[in-house]
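These notes concern the structure reproduced below.
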Amino acid sequence: MYLVESKKITKIYQTEEVAITAIEDVSFTIDKGSFVSFVGPSGSGKSTLLNMIGCLDPPSSGSLQVVGQDIGKMSRNQAASFRGENIGFVFQDFNLIPVLSVAENVEYPLIMVQNWPAEKRKKRVAEMLEAVDISDQANKFPGQISGGQKQRVAIARALVTNAPLVLADEPTANLDRKSAERIVDLMKKMRDEFGTTFIFSTHDPRVVQHAETIFTLEDGRLVSLEQGEGGNHA
Amino acid sequence: MLNILKIATRNLWRYKRRTLLTSILITLGVMSVLLFVSVSGSFKNMMVGQITDSMLGHIQIHKKGYLSSLDSLPLDRNLSEKQMKKVRQVLEKDENVEAFSPRIRLGAMFSNFAETTNVRLVAVNPELEMKTVPLLANRIIKGKKDGLIGRGEILIPELVARGMKVNIGDAIVLVASNKDGSVNGQTFTVRGVLEGIVGPGGRDGVIHIQDARELLRISSKEVGEVAIRLTKMNKLQNVYDSLQQQIGSIKNKKGKPAFEIHTWEKLSPFFNIARMIDLMTLFIKVMLVAIVLVSIMNVMIMAVYERINEIGTIAAIGTKPGKILSLFVTEGLLLGILGSITGIALSLGAIAWMNAIGLSFDFGRQKGLLLAPSIGISEIVMVAGIVIAIAVLGSLQPAIKAARMDPIKALRHV
């Protein structure tokens with residue numbers, strides 16, 4: 001059973017005047033524990049595809065199964081619950097909550113989404129901060145740490161709920177080369193440690209080379225599949 | 001819930017200046033309402049107290065038709081001895097009635113042996129009158145207050161004393177015509193001078209009821225009116241309804257009501273001023289609602305607009321719309337609570353300060369009336385409740401907008 005299975009999905013955005021096809025007839029599968037990258041130029045549909053996999057946007061047609069669920073048939077509340085349980089997000093701009101400390105940002109999904117008991121929560125947050133090597137910054141606020149550290153916090157937040165799938169949209173776009181490599185290494189380490197599937201979009205060739213499976217998109221179509229370091233399914 | 005409170009508090013703290021300005025606005029609104037209510041309430045209570053406790057009583061009973069011809073002080077519309085007996089029986093049984101005082105109102109010629117003028121008088125039983133209108137003695141600005149009035153004595157209105165140049169201990173003559181039109185005169189000694197107050201009967205002199213009966217040659221124990229004092233003012237409507245049932249329903253031989261019963265509200269024109277004060281209070285409260293609503297809505301709309309990306313993030317990571325809504329509503333709620341608490345604290349301080357310095361004012365001919373502003377816990381709770389409810393209401397629309405936001409659009413927002 002695949003973690004993500006897409007069958008001929010299409011996404012059309014209807015404006016008042018024209019219909020724009022962002023994704024057209026895309027099919028692929030992704031296994032559990034994969035380290036997958038969607039690449040392609042701006043406007044190729046990477047983010048749209050990630051949004052659909054992330055249950056943020058249903059496909060206009062076709063079937064998209066994520067963690068065994070057909071995400072096209074979910075209500076808004078069901079989709080929110082599903083994301084909270086199964087998907088972690090890492091954003092290009094880190095998107096940490098500025099009024100919460102590093103530890104509180106990581107703790108946020110456990111309180112507001114999954115409602116873990118306090119003791120278990122604190123233990124889990126400490127584990128995650130340790131895993132991403134940012135325990136020493138736990139009490140700092142996002143405004144007080146560097147971009148690379150922020151992205152580590154974002155990765156910890158994405159993993160803290162034991163979500164089987166983490167989606168990262170251009171996770172290294174706002175980082176310098178060194179930090180970008182560290183973040184990709186960290187994601188891989190987390191994949192190895194927790195068995196989490198990482199799917200990320202990027203057009204940064206330095207990052208792409210670390211992916212095990214590379215899907216290339218152009219004008220909303222899947223044009224190629226390459227195996228990187230690891231080798232995977234499609 | 002505690003976590004939502006924590007995040008909401010920090011979000012408010014994030015925009016310190018805006019939070020402070022909004023809180024100040026709400027605080028000023030709360031203060032203006034509470035101070036207006038306390039000062040106007042104090043004025044109203046003082047005036048109502050003065051009118052009821054030094055003149056009218058809380059309720060009055062008359063023979064039917066007496067009040068409509070009160071200007072001519074009719075002696076032919078007195079309550080008969082039999083009617084008075086019935087009234088007494090009912091009033092003595094009612095535990096909400098603290099005291100009652102039978103009176104006779106009359107008009108007379110007042111002579112100081114050099115000049116003559118007209119004077120309106122109320123004849124009373126001093127013991128019963130002091131129990132019914134305990135502040136009447138306080139209106140005696142010259143002369144003895146103890147015992148109120150004795151046989152052969154008169155308390156004259158301030159204006160008459162001044163106009164007729166009459167002093168304490170002077171002898172004067174009252175000449176009055178009785179029910180059948182014959183005239184009688186009697187000498188009285190001036191016992192004191194009464195301060196005039198606003199309202200009907202506020203500038204009447206006072207004599208003993210037995211003297212009035214002699215002067216008017218009334219042989220029976222008939223009376224013009226019965227003033228009633230209640231144990232608690234808030235029982236006014238209950239007692240009025242009860243008296244209407246027991247006394248107001250009694251019919252005369254012609255099958256028409258024999259008695260008429262009125263609360264002080266019907267007898268005193270000050271009631272309309274009191275109602276005007278209540279209306280102004282209502283307007284001030286409406287203004288407070290508008291201030292809170294506009295300021296909270298404004299600040300929350302700004303908060304949602306500035307945090308669109310953040311809303312997208314928390315929605316994307318699985319926060320349900322209901323929780324996003326409660327997060328923003330809590331921010332509005334906290335602003336309302338902060339403004340209310342500060343406003344209440346400052347208002348209580350200002351009220352204490354006003355009481356410490358002593359606020360006085362003039363009302364009509366009454367000079368230097370000392371206000372004692374106070375505010376009841378129910379009024380404080382009500383104002384705080386209004387502010388907090390409006391704060392929640394004001395934040396609801398922006399909060400709903402935030403909760404319904406499409407996470408993708410929100411995440412794309414720059």
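Calculate how many DSSP beta bridges within the protein assembly as shown are antiparallel, expressed in % of all such bridges and rounded to the nearest 5.
70
So how strong a dipole does segment A:155-234 carry about its Cα centre when Lys and Arg Cβ are +1 and Asp and Glu Cβ are -1, to the nearest 20 debye?
Approximately 260 debye in magnitude.
How long are the three semi-axes of the equivalent ellipsoid for segment A:1-134, computed from the Cα gyration tensor as the root of 5 times each eigenvalue, in whole Å, largest first?
Equivalent-ellipsoid dimensions as semi-axes: 31, 17, 16 Å.
What pairs in A:123/A:178; B:63/B:253; A:120/B:6; B:63/B:179; B:82/B:232; A:140/B:16 have C-alpha atoms more than 23 Å from each other?
Pairs exceeding 23 Å: A:123/A:178; B:82/B:232.
If you consider only alpha-carbon coordinates, what radius of gyration and Dmax does chain B have, in Å?
Using the Cα atoms of chain B, the pair Rg, Dmax is 31.1, 101 Å.
Where the only charges are on Cβ atoms (+1 Lys, Arg; -1 Asp, Glu), what is the dipole of segment B:65-257 about its Cα centre, to the nearest 20 debye?
In total the dipole reaches around 480 debye.
Scan chain B and note any complete DSSP helix (H) whose C-alpha atoms cover at least 30 Å along its axis and whose Kyte-Doolittle average is -1.0 or more.
Numbers: long enough: B:16-51 (51 Å, 1.04); B:270-306 (54 Å, 1.82); B:321-357 (54 Å, 1.46); B:377-403 (37 Å, 1.82).
Once both thresholds are applied, what remains is B:16-51, B:270-306, B:321-357, B:377-403.
Taking the beta-carbon count within 10 Å as an exposure proxy, list A:18, B:292, A:125, B:48 from fewest neighbours to most.
Ascending number of Cβ neighbours within 10 Å: A:18, B:48, A:125, B:292.
Between the DSSP loop rule and a limit of at most 13 other Cβ atoms within 10 Å, which GluC sites (Glu not before Pro) in segment A:1-92 are left? It would help to have the intermediate numbers written out before the result.
Working: sites: A:5, A:16, A:17, A:24, A:85; in loops: A:16, A:17.
Qualifying residues, ordered by number: A:16, A:17.
Would you mind checking B:44/B:251; B:144/B:165; A:11/A:189; B:93/B:144; B:64/B:165 for any pair whose Cα atoms are more than 29 angstrom apart?
Pairs exceeding 29 Å: B:44/B:251; A:11/A:189; B:93/B:144; B:64/B:165.
Can you give me the P(r) profile for segment B:252-342? Cα pairs, bins 5 angstrom wide beginning at 0, each as a whole percent.
Percent of pairs per bin, in order: 3, 10, 12, 13, 9, 8, 7, 6, 6, 5, 5, 4, 4, 3, 2, 1, 1, 0.
Evaluate Rg over Rh across segment B:65-257, taking Cα atoms for both radii and Kirkwood's formula for Rh.
Result: Rg/Rh = 0.98.
Which FRET efficiency value, to the nearest 0.05, is calculated for residue B:115 and residue B:389 with the Förster distance at 60 angstrom and r the Cβ-Cβ distance? Walk me through the numbers before you get to the answer.
Values: r = 65 Å, r/R0 = 1.09.
After rounding to 0.05, the efficiency reads 0.40.
Taking the Cα atoms only, what angle lies between the long axis of helix A:76-86 and the longest principal axis of chain A, rounded to 10 degrees?
On a 0 to 90 degree scale, this one is about 60.
Toward the positive end of the charge dipole of segment B:65-257, about the Cα centre and with charges on Cβ (Lys, Arg +1; Asp, Glu -1), which of B:181, B:130, B:119 goes farthest?
B:181
Please work out the ratio of the alpha-carbon Rg of the protein assembly as shown to 2.2 N^0.38 Å and round it to two decimals.
1.64
Can you classify segment A:124-184 as rounded, prolate or oblate using the Cα gyration tensor, where a ≥ b ≥ c are the square roots of its eigenvalues, rounded means a/c under 1.5, and otherwise it's prolate if a/b beats b/c and oblate if not?
Judged from the Cα gyration tensor, segment A:124-184 comes out oblate (a/c at least 1.5, b/c at or above a/b).
With the crude spin-label approximation of a point 7 Å out along Cα→Cβ, what separation in nm comes out for residue A:219 versus residue B:362?
9.3
Read-outs throughout are calculated quantities, based only on the coordinates presented, and are distinct from any laboratory measurement. Everything quoted here is computed from the prediction, not taken from an experiment. Don't worry about glycine lacking a Cβ; one is built from the backbone with ideal geometry, like all the others, and counts go over all protein chains shown.
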